[in-house]
Every structure is written in C-alpha cells, then in structure tokens.
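Here is the structure we will look at, set down as structure tokens.
The values are calculated or read from the model by the stated rules, or taken from the named source; none is laboratory data. Worth saying up front: this structure is predicted, and the values here are computed from it rather than measured. Note: ideal-geometry Cβ built from the backbone for every residue, glycine included; neighbour counts use all protein chains shown. Accessible surface is based on the protein model in full, side chains and every heavy atom, while ligands, DNA and RNA are left aside. Shrake-Rupley method; radii C 1.70, N 1.55, O 1.52, S 1.80 Å.
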Amino acid sequence: MTNQARLTIHDAHQLLRTRQLSSVELTEACLERIRQVEPDIQALVTVTDEIAREQAKKADQLLASGDVNPLTGIPMVIKDNMCTEGIKTTCSSKMLENFIPPYDATVVEKLKACGVVFVGKGNMDEFAMGSSTENSALFTTHNPWDLSRVPGGSSGGSAAAVAAGEGIFALGSDTGGSIRQPAGFCSITGLKPTYGRVSRYGLIAFASSLDQIGPLTQDVTDCALVLNAIAGYDRRDSTSVPQPTPDYTQYLASNLKGLKIGVPREYFVEGMQPEVAAAIRTAINKLEELGASIDWEVSLPHTRHALAVYYIIAPSEASANLARYDGVKYGFSYQDTDNMWQAMEKTRQYGFGAEVKRRIMLGTYALSAGYYDAYYLKAQKVRTIIRTEFDQAFEKYDALVTPTSPTVPFQIGEKMDDPVQMYLSDVCTLPINIAGVPAISIPAGFADGLPIGMQIIGKPFSEETLLKTAYAYEQATDWHKRKPEI
Ligand code: GLN
C-alpha cells in the first residue's frame with residue numbers, strides 16, 4: 001500500500017509546506033490507491049484524474065510561492081450530490097446520470113479557493129435517501145473493513161473512500177445521519193454542523209430544513225481544518241447564518257476539566273447490539289477520566305417520536321423538492337411519446353428508483369388536503385417539542401454523548417427487503433437533524449473487527465466544544481489510527 005495516501009491533512013500539509021512532498025506525488029499516490037482498491041470498494045461514481053493532475057500542478061505552484069492554506073494540494077472526494085462545474089453530478093440517480101452542472105456549490109468554490117485537488121465524486125444512496133448506499137442506482141459501495149458489509153449511507157462512498165485511502169478527506173451531506181452513520185461504520189470522523197453553519201447552495205436538495213454539508217476525515221484535527229474552510233454565511237443560501245466562524249483548531253485541547261456531559265438513556269435503544277452499548281459506556285468513562293463530569297441519568301423522552309417525525313417531514317420536503325425532475329429542466333427525459341403528461345410520468349417512472357418513489361408517495365400523501373393537519377402539521381409540532389427538549393438539556397450540559405448507530409455495519413442485502421429496519425439504523429442520528437443542532441461521530445471501538453462510532457451532540461453553533469471533546473478522547477485512545485487492511 002502507498003503510505004502517502006494514508007497521511008492526514010495536517011501531516012501531509014507539513015510535508016507539502018516544507019517541500020518534502022509535492023501535491024503531484026500525493027495526488028498520484030491517491031490515484032494509484034484508487035486503481036488498486038476501487039474494483040473491490042466501488043466508492044466513486046466518477047474519478048476525476050485529469051482534473052486532479054492539473055489542480056495538483058497548480059497547488060505545487062502555490063506551495064512554491066508560499067501562498068499556503070492547510071488544504072492546499074490535498075486530494076479529496078466530494079459526495080455526488082454537490083454541484084461541481086463541468087463535472088458530472090449524478091446524485092447516484094438515473095435521473096441525473098448525465099447531468100453536468102454549470103456552476104459550483106459554495107463549498108466546492110471554497111475548497112477550490114483553498115487549492116484542494118478533486119480526485120472523485122462519492123457514491124451515495126439515490127438522492128441521499130438511505131443508510132447503506134444500496135439505494136444507489138449505479139452500484140453499491142463496500143465497507144473497507146469487510147467487503148461483504150455496507151459502508152453506511154447515504155454518504156457511504158465518501159466515507160469508504162477516506163477509510164480506504166482513496167482521498168485524504170471527503171465532504172458528505174447529512175439529513176438524518178448520512179455523515180455520522182457512515183463515519184461510524186468506516187471508523188473515521190464525521191461532523192454534521194449546526195443547521196445554517198455551512199452553505200447548502202449547490203447541494204442537490206433532499207429535505208431542505210434538515211440537510212447540512214460536513215467533513216469526513218481521518219481524525220479530529222482534520223475535521224477542524226475542513227470546517228474552517230467550508231463554514232460561514234453565504235448570501236446565496238437564505239438559511240445560512242451570519243455568525244462569525246472561529247478558527248476551530250484553536251479549541252483542540254486534551255483536557256476536559258469543567259465540561260458537563262449528559263448521557264440520554266433513550267439513545268441506548270431496545271435492540272441495540274450489546275457490544276455497541278458497552279463500547280460507548282467505556283468511552284464515556286474515558287471522557288470522565290479526562291476531566292469531564294458525567295450525568296448518566298439524562299432523559300429526552302420525545303426522542304422516541306423522532307423517527308416518526310422524520311419520516312413525515314423528510315419525505316414531505318423531498319416530494320416538493322423532487323417535483324422539479326419532470327424531464328424538461330434537468331437530466332433524464334423520456335422522449336418516446338408525443339404526449340407531454342405521459343412524457344413526464346414516464347420520466348419519473350424510469351428516472352427514479354424504488355426508495356425515491358416510496359418517499360415521494362409518503363410525502364405527497366402527508367401533504368395532501370385533509371391529511372396535512374393530521375400528519376405534516378402534527379410532525380412539525382412534535383419537532384418543536386424535540387428541539388425544546390434539547391434546548392433544556394443544553395442549559396445543564398455542554399454536550400450529550402450517545403452511540404452513533406445501534407449496530408456495527410450490517411451485511412449487504414440484509415435490510416433491503418425491510419425499509420423500516422433500514423430506517424431504524426438512523427434512530428440515534430435523526431433527532432439531531434430534527435433539532436438542527438451539531439453532532440460529531442468519532443471512532444470508539446470495534447466488535448469482531450467491525451467499527452463502532454460514538455456520537456457527541458452539542459448546542460447550536462458549539463462545534464468547537466464537540467471538536468474539543470472529540471479531540472481529547474482521540475488523543476487518549478488509538479481507534480482512529482487503525483486502518484482497514486485492504
Ligand atoms: N437514512 C436517512 C434517510 O434515509 C438519512 C439520510 C441522510 O441523512 N441523507 O433518510
């Protein structure tokens with residue numbers, strides 16, 4: 001294996017800055033790694049090798065001129081639901097199989113300004129609907145820790161690519177867990193920022209009141225570096241928040257004295273794999289050793305409604321957002337008819353996969369006259385209660401700690417016939433999007449060689465507290481140093 005492709009951003013940056021390594025060499029190492037592992041992992045929808053080589057050359061010029069940023073010259077992967085000018089952006093859907101955006105998402109623009117190198121676009125569940133990448137219309141990604149298992153989803157391609165060393169870091173998006181759950185399943189770090197912290201402009205919408213973009217990285221320092229690059233107000237996203245963005249790396253400390261942590265008992269759900277619960281309890285004891293005070297008896301009783309609320313709100317918003325795919329404006333268009341209505345119907349029939357159609361039907365039903373009050377409005381009311389419960393908890397605690405997922409990565413195919421079982425794999429992550437608060441998943445152990453993730457949840461715009469807590473834990477353990485042997 002090429003070791004360079006396993007460097008973290010901060011280690012690679014030291015070597016690039018001191019000219020011991022060039023971005024061209026680093027990029028070739030990742031491209032070589034892609035050639036080696038991609039037949040087995042299938043993390044990437046598109047490999048952008050030519051673009052990467054050009055960007056790497058430019059990055060080397062920047063590095064030579066001393067005009068450096070911690071991300072300059074670093075090869076990375078972008079989830080395929082973020083618009084990249086001139087590069088296919090498929091959302092892993094037949095509907096957008098040949099869609100080439102005429103513009104960059106804000107996050108892409110920001111990364112370009114840092115001088116990063118794009119090596120590819122990450123596979124995902126179609127339109128980010130799923131927890132395993134099995135809903136991708138293109139192919140399923142395999143978990144680098146065990147090829148017979150899923151990498152999680154929907155940002156499974158991005159997460160698997162980072163775990164396997166195909167890119168040094170990646171961007172994912174998270175509507176109900178899609179950054180954190182695959183981060184947990186692949187034993188890397190994944191952060192869902194506060195709603196409004198990172199611009200969604202150019203992110204292909206799934207459920208607009210829940211979607212957030214965030215980093216997938218090999219460790220917490222890298223996560224802070226990537227958040228530094230992408231966070232901040234954007235006038236093109238009316239839900240982005242004009243809050244100053246601190247330098248997140250300044251908060252990385254190895255001591256947690258004075259930090260108050262709550263453990264909500266509802267997140268140790270029934271049916272949870274005992275090894276997962278045990279690993280997280282051990283990890284929480286470690287946080288206590290590091291100086292945090294722990295309250296094991298926190299209760300967030302409305303958590304149990306989060307799954308139901310999510311599966312009303314997310315499909316409702318999706319049904320509205322996906323109405324634009326009519327065969328006229330974007331992507332796939334069914335032509336073999338002379339009737340406009342039939343063309344639209346066939347476009348949607350053949351362009352969307354089963355899960356996407358299921359969500360559109362659910363959402364359309366929940367929003368229809370007569371049912372709107374009973375479902376959508378009621379879900380919104382419960383959403384407010386869930387958010388209030390978090391607000392109250394954060395009057396007492398700086399952070400809440402839970403498992404990221406109830407199980408370790410499951411077998412490919414295991415949950416495909418049972419959508420509800422699949423939906424349950426996000427039971428610990430969904431409430432966080434409903435409340436709009438930030439949360440991070442970091443490696444916290446293994447069961448039979450399969451990764452376990454710990455989730456740390458914070459109050460709105462307290463990403464620095466999450467990073468600090470995660471960093472202290474990471475420095476005291478070495479889970480993040482273990483790499484899959486692919
Ligand atoms: N698995 C959840 C869903 O299918 C969350 C997906 C996401 O966060 N994009 O909706």
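For the chain, report the accessible area per residue in Å² (1.4 Å probe, heavy atoms, rounded to an integer).
Normalised by residue count, the accessible surface of the chain is 37 Å².
Would region 358-486 count as rounded, prolate or oblate if I go by the C-alpha gyration tensor, calling it rounded below 1.5 in a/c and otherwise prolate when a/b exceeds b/c, oblate otherwise?
Note, shape of region 358-486 comes out oblate.
Relative to the Cα centre, what is the charge dipole magnitude of the chain, using +1 at the beta carbon of each Lys and Arg, -1 at the beta carbon of each Asp and Glu, and rounding to the nearest 20 debye?
Here the chain has a charge dipole of around 720 debye.
Restricting things to Cα coordinates, could you compute the convex hull volume per residue of the chain in Å³?
136
Highest first, please rank the peptides 468-480, 182-194, 292-304, 162-174 by the mean number of other Cβ atoms sitting within 10 Å of their residues.
Taking the mean over residues of other Cβ atoms within 10 Å, the ranking is 182-194, 162-174, 468-480, 292-304.
Counting alpha carbon pairs within less than 8 Å and at least 6 residues apart, what relative contact order, in whole percent, applies to the chain?
Relative CO of the chain lands at 17 percent.
What pairs in Lys94/Lys192; Lys94/Lys378; Lys58/Lys88; Lys286/Lys483; Lys112/Lys468; Lys112/Lys286 have C-alpha atoms more than 30 Å from each other?
Lys94/Lys378; Lys112/Lys286
Using a simple charge model, +1 on the beta-carbon of Lys and Arg, -1 on the beta-carbon of Asp and Glu, nothing else, what dipole does region 163-256 show about its Cα centre, in debye to the nearest 20?
The dipole of region 163-256 has a size of about 260 debye.
Tell me, what ³J(HN,Hα) does each residue in region 374-380 have, in order and in whole Hz, if you take phi through Karplus 6.51 cos²θ - 1.76 cosθ + 1.60 with θ = phi - 60° and put x for Gly and Pro?
5, 10, 4, 4, 5, 4, 5
Roll a 1.4 angstrom probe over the protein heavy atoms and tell me the percent of accessible area of region 288-343 that is carbon or sulfur.
About 50 percent, which is the carbon plus sulfur part of the accessible surface.
Taking amide hydrogens as modeled 1.01 Å from N in the peptide plane, which residues meet the under 5 Å criterion relative to Val117, leaving out close sequence neighbours?
Correct list: Gly73, Ile74, Met76.
What FRET efficiency comes out for the pair Phe139/Arg358, r = Cβ-Cβ distance, R0 = 30 Å, nearest 0.05?
My answer for the efficiency is 0.90.
Can you give the FRET efficiency for Leu15 and Glu275, using 1/(1 + (r/R0)^6), R0 = 56 Å, r = Cβ-Cβ distance, to the nearest 0.05?
Efficiency for this residue pair is about 0.90.
Once phi is turned into θ = phi - 60°, what whole-Hz ³J(HN,Hα) does the Karplus curve with 6.51, -1.76 and 1.60 give for every residue of region 5-18, x standing for Gly and Pro?
5, 9, 5, 7, 4, 5, 6, 4, 4, 4, 5, 5, 5, 8
To the nearest 0.05, how large is the calculated FRET efficiency for Arg265 and Asp336 if R₀ is 60 Å and r is the Cβ-Cβ distance?
After rounding to 0.05, the efficiency reads 0.60.
Report in % the part of the accessible area of region 347-486 that belongs to carbon and sulfur, leaving out ligands and nucleic acids; probe 1.4 Å.
The computed percentage sits at 53.
From the phi of every residue in region 399-406, what ³J(HN,Hα) in whole Hz does the Karplus formula 6.51 cos²θ - 1.76 cosθ + 1.60 yield, where θ is phi - 60° and glycine or proline is x?
In residue order, the calculated couplings are 7, 10, 10, 8, x, 7, 9, x Hz.
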